[in-house]
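What follows draws every value from the coordinates through simple rules; no lab data is involved. A quick note: this is a predicted structure, and the numbers were derived from the prediction, not measured. Neighbour counts are summed over all protein chains in view; Cβ atoms, including those assigned to glycine, are modelled from backbone coordinates with ideal geometry.
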Amino acid sequence: MKVPDRHIIMNNASFHKGGRIEELIQTAGCELLYLPPDSPDLNKIEKSWSWLKSRMRQEIDQHDTLREAIEAVLKAS
């Protein structure tokens, strides 16, 4: 399936480079772009991970299991 005028933006994690991932993206007709190294401010998902980790730190000691803590965070969001 070709996807015209689509861009995939990834960070420079070693598992993003080379191999099957790049091949699949190119086969789909997408342009692959990499963020500059050490630039979490440009990576939008980093803000979400930061929020999630902060909430988990608040909840983890209030529950008997990790699953309960995760469910509490997800229900509150």
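Points to keep in mind about this one:
- The set of residues in the stretch 40-77 that are without any contact (Cβ under 8 Å) to a residue 24 or more places away in the chain, under 25 Å from A13 (Cβ atoms) and among the polar types (S, T, N, Q) comprises S48, S50, S54.
- No other residue among T27, T65 is over 30 Å from S77 (Cβ atoms) and hydroxyl-bearing (S, T, Y) apart from T27.
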